[in-house]
Every structure is written in C-alpha cells, then in structure tokens.
Amino acid sequence: MKNLKIYTSLFLFFFVITTQAQLRNKTVSGNGNVITKTIKTTDYDKIAVAGIYFVTLVEGEEGQITIKGEENLLEVTIIEVNGNSLVIKTENNTNLKPSRNNKIEVLVPVQSVSVISLAGSGDIRTENLNLKSEDMEVSLAGSGDIKLVIETSNLLTKVAGSGDIELAGKATILTGKLAGSGDLNLFNLSTEKADVSIAGSGDIMVLCTEDLKARIAGSGDIVYKGNPRIKDTKTAGSGSIKSF
C-alpha cells in the first residue's frame, strides 16, 4: 500500500512538472507540406519516444529510420542514438501541432529490443514483428498507446497516466504496474507467474497459468484468466479482483 502511494505521488509530481514545462515551451504548427525523410543511425536495443509521434516497429536492419510528416515539424524533430538507445523527440521540448488529418509517422526497423518507452500522446506498435529478448521493459507515461507482440522470459510493464498498453505473445514472468486511468491489457500475453498492481482507476487484464499476485489501491479492476493455481490478492478501495 505504501509503495503504491509513493508511486502515485511520483506520477502526479511528474505530470504537474511536465504540464508546466509544456505551457512554457513554444508550439510549432504544421505548414501542410508533407515530406518523407530517411535518417541513418547506429544500432540500438532500446527505444525512447517522447511526443506525438506514431512509431511502427518492423523487422529489418537497424539504422535506417523513415519519418513522414509536415516539413517544418520534422525540422524540430530529433532522431538520434544515445549509447544504445534510439531517441525520438522534439528539439527543446517544442510542442508540435500537425495540420488537420496529418500526423508524424516513424518507421523503425529492429532486430532485438529490450526496452521500449513512450512519454506523451503518441503511439508505438509492431507490424508483422515478434520482439524477442531475455528481459524486456515496456513503459508508458501520458495519454499515448503501445501495442506490441513480444516473447521474453522476464517482463516489466508500467503505465502512468491515461494511456493504454496492449501486449500479445509470451512472458514467463510478468510484473505489471498501473498508476492512473489507463489500461494494461495482457489477455493475449501468456504468462506463468504474474505480479500486477493498480493505483488509480485503470484496469489490468492478465492471462496467468500458475502464480498470480494482485494488488489494488483505488477503483480499478484486475481481471484474470488462465486458472492460476496460486492466487495472492489484496484490495484497498472500491476496485475488484475477479476471474474472467
């Protein structure tokens, strides 16, 4: 319970600071001139996206990033590799405002990725790709969405805000944390052992076949399927833990 309160407080602090920073930063509106660019980078095994970018992960040789969007918005977009992490963000935290019916699309070829994070209102998803790694972390802060197919032994996934994460595939051991009103949909992700927790009003859907540990502080619900042998559950608030 104490850890969940701390987690929620940290999220609220982060949200307030981020919102204040956005209000101070300049906004660039799209000029309607849509172009496509190819950006070359070194290899990477982590991906960090911040902003309104719609990122698609595909199988392919790393280092050939394709971005499509309005020309003046791409001019203030940074795509670079820091260490072994591919970073996609705006210059000086500039707020981007695409023209109506336009968005910024980024095509990222990957071979192996262990960490994927999204901060903002963008989108990250896989297309005809099964991401494989011994250990994997998938995190979301904000109102964006992440939808991936993965295969891993150890998975940590976190949602802070109103966005959603949807994962399919297989993870032997799962740790899932949700703070806010977003959802963590893991019904199509087969797990043997799962430790999931909610602080807020969001929901977690989990598929677990052996050991399930579930904690709720708030009004969110944890729904599970898979008939786990061991169930360790606790609730504080109006939320519920129930079988699908």
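Worth a mention:
- Matching residues, segment 37-56, being within 13 Å of Thr77 (Cβ to Cβ) and assigned to a strand (DSSP E or B): Lys37, Ile39, Val49, Ala50, Phe54, Val55
- Scanning segment 217-236 finds no residues that are surrounded by fewer than 24 Cβ atoms within 10 Å (Cβ to Cβ), among the hydrophobic types (A, V, I, L, M, F, W, C), more than 22 Å from Thr56 (Cβ to Cβ) and within 19 Å of the chain's Cα centre (by Cα).
- Subset of segment 159-212 (residues that are within 23 Å of Ile230 (Cα to Cα), of a type outside the set (S, T, N, Q) and in contact with a Ser or Thr (Cβ under 6 Å, 6 or more places away or on another chain)): Lys170, Ala171, Leu174, Gly176, Lys177, Glu192, Asp195, Ala199, Leu207, Cys208
- Of the residues making up segment 112-127, just one is out of contact with any Phe, Trp or Tyr (no Cβ under 6 Å at 6 or more places or on another chain), part of a strand (DSSP E or B) and of a type in the set (D, E, K, R), namely Arg125.
- Condition check for Lys213: at pLDDT 95 or above, among the basic types (Lys, Arg), surrounded by fewer than 21 Cβ atoms within 10 Å (Cβ to Cβ) and in contact with a strand residue (DSSP E or B) (Cβ under 7 Å, 6 or more places away or on another chain): yes
- The listed residue being surrounded by fewer than 18 Cβ atoms within 10 Å (Cβ to Cβ) and either under 13 Å from Ile116 (Cβ atoms) or of a type outside the set (Val, Ile, Thr) (or both), out of Glu71, Glu62: Glu71
- Per the conditions (1) surrounded by 18 or more Cβ atoms within 10 Å (Cβ to Cβ); (2) more than 22 Å from Phe244 (Cα to Cα), the sole criterion not satisfied by Ser153 is (1).
- Within segment 99-119, considering residues that are touching a helix residue (DSSP H, G or I) at 6+ places or on another chain (Cβ under 9 Å) and crowded, with 18+ Cβ neighbours inside 10 Å, the one nearest to Gly163 (Cα to Cα): Ala119
The values are calculated or read from the model by the stated rules, or taken from the named source; none is laboratory data. Model, not experiment: these values are computed from the prediction. Ideal geometry is used to build each Cβ from the backbone, glycine not excepted, and the neighbour counts take in all protein chains shown.
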